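This report refers to the structure that appears directly beneath it.
The values are calculated or read from the model by the stated rules, or taken from the named source; none is laboratory data. Since the model is a prediction, treat every value here as computed from it, not as a measurement. Here Cβ is always computed from backbone atoms with ideal geometry, including for glycine, and neighbour counts include all displayed protein chains. Side chains included, ligands, DNA and RNA excluded: accessible areas come from the protein's heavy atoms. Shrake-Rupley method; radii C 1.70, N 1.55, O 1.52, S 1.80 Å.
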Amino acid sequence: MQAQDLSSPSNPKVVILLGPPGSGKGTQAVRISKELGIPHISTGDLFRENISQDTELGKRAKTFMNAGKLVPDEVVLDMLFDRVARPDCAHGYLLDGFPRTLPQAEALEKHLAKNVQLIVLDLEVPDEIIVKRAEGRLTCKSCGNVYNKYFSPPLKEGVCDKCGGELIQRPDDKADVVQERLRVYHSQTAPLVEFYAKKGVLQRVDGTKTPEVVFQALMQKLKKG
Ligand code: G5P
Ligand code: MG
């Protein structure tokens, strides 16, 4: 499908996908990024890449991530602003998993140029569904593609449909870590919903439907926004 002309050099679009852990940010971000022709930047994926390459940044982030805690703001901000300074972000980008605290949101605001069109999409999913999704989520060790053993299983058990890689459970999808991630979400990230609502840039989407229905709803909001 062809990328839609919803972003331009004179009016770059920065899209933020908000939502609790496991609400579908990554799944939807891949599709939106393709549709709009802007890069998908997931701070969680950037950390996981650093962990698999055993970098200093990865070593620092791993302890926090595996305990379900947030990585300290200064570490996240350095990594994120480095990434969005690359040329592929000049015409806009899509943020998945950032910002996650008020200081991160405030730092982003200072960083954004005046002509940027900011749209924040909040995926609303209740905690009990999040717990079930995390328990069933399978992630490809090689390409990162996401499945769910209950809702969207791979064609062959344990094998990625896209690249044939091994499917694993993320270390932070263990039941006790998911509970901690939800607790952290409600105390540190949920206040951002109000923060962006007050600025008039928030769009809410019901994230409990099928991925296709959720995607269509998100695209509707993006076209209006
Ligand atoms: P991440 O990597 O950002 P989370 O916790 O925000 O992790 P997560 O777990 O990656 O979010 P997601 O991306 O919102 O979830 O969801 P997903 O993977 O696409 O889908 C979840 C499941 O639901 C899948 O099984 C999928 O098949 C199914 N699903 C998806 N969409 C739908 C749908 O529309 N309908 C239905 N029915 N099912 C669907 O962060 C990880 C850690 O990194 C650190 C933190 O330690 C964090 O815990 N970190 C940061 N720390 C500080 N600041 C930041 N900015 C940080 N960013 C990351
Ligand atoms: Mg994700």
Going through segment 103-129 in order, the residues found to be touching a Phe, Trp or Tyr at 6+ places or on another chain (Cβ under 9 Å) and at pLDDT below 95 are 111
Item to check | So residue 66, is it open to solvent by 30 Å² or more (accessible area, probe 1.4 Å) and in contact with a strand residue (DSSP E or B) (Cβ under 9 Å, 6 or more places away or on another chain) | outcome: no
Here is a check on your reading of the model: is residue 38 within 29 Å of residue 215 (Cα to Cα) and either open to solvent by 10 Å² or more (accessible area, probe 1.4 Å) or among the aliphatic types (A, V, I, L, M) (or both)? yes
Among (1) assigned to a strand (DSSP E or B); (2) closer than 21 Å to residue 148 by Cβ; (3) among the hydroxyl-bearing types (Ser, Thr, Tyr), residue 93 falls short only on (2)
Conditions (1) away from ligand 2 (no atom under 14 Å from the Cβ); (2) in contact (Cβ under 8 Å) with a residue 40 or more places away in the chain -> residue 160 fails only (2)
**Asked** When you look at residue 42, is it out of contact with any Gly (no Cβ under 9 Å at 6 or more places or on another chain) and either within 13 Å of ligand 2 (Cβ to nearest atom) or at pLDDT 95 or above (or both), yes or no?
**Response** no
Cβ pairs under 8 Å, 6+ apart or interchain, first in segment 202-220 and open to solvent by less than 50 Å² (accessible area, probe 1.4 Å) and among the hydrophobic types (A, V, I, L, M, F, W, C), second in a loop (DSSP other than H, G, I, E, B) and within 16 Å of ligand 2 (Cβ to nearest atom), ordered by first then second residue, are 214/24; 214/207
- Query: Has segment 23-45 got any residue that is within 10 Å of ligand 1 (Cβ to nearest atom), in a loop (DSSP other than H, G, I, E, B) and touching a residue at least 40 places away in the same chain (Cβ under 8 Å)?
  - Reply: yes
- Message: Regarding segment 179-190, can at least one residue be identified that is open to solvent by less than 80 Å² (accessible area, probe 1.4 Å), under 21 Å from residue 73 (Cα atoms) and assigned to a loop (DSSP other than H, G, I, E, B)?
- Response: yes
When (1) more than 26 Å from residue 106 (Cβ to Cβ); (2) at pLDDT 95 or above; (3) within 13 Å of ligand 2 (Cβ to nearest atom) are applied to residue 59, the one that fails is (3)
Residue set 110, 132; condition closer than 21 Å to residue 207 by Cβ and either touching a residue at least 24 places away in the same chain (Cβ under 8 Å) or open to solvent by 60 Å² or more (accessible area, probe 1.4 Å) (or both); output residue 132
Reported set for segment 167-178 where residues are under 13 Å from residue 130 (Cβ atoms) and surrounded by 15 or more Cβ atoms within 10 Å (Cβ to Cβ) is 172, 173, 177, 178
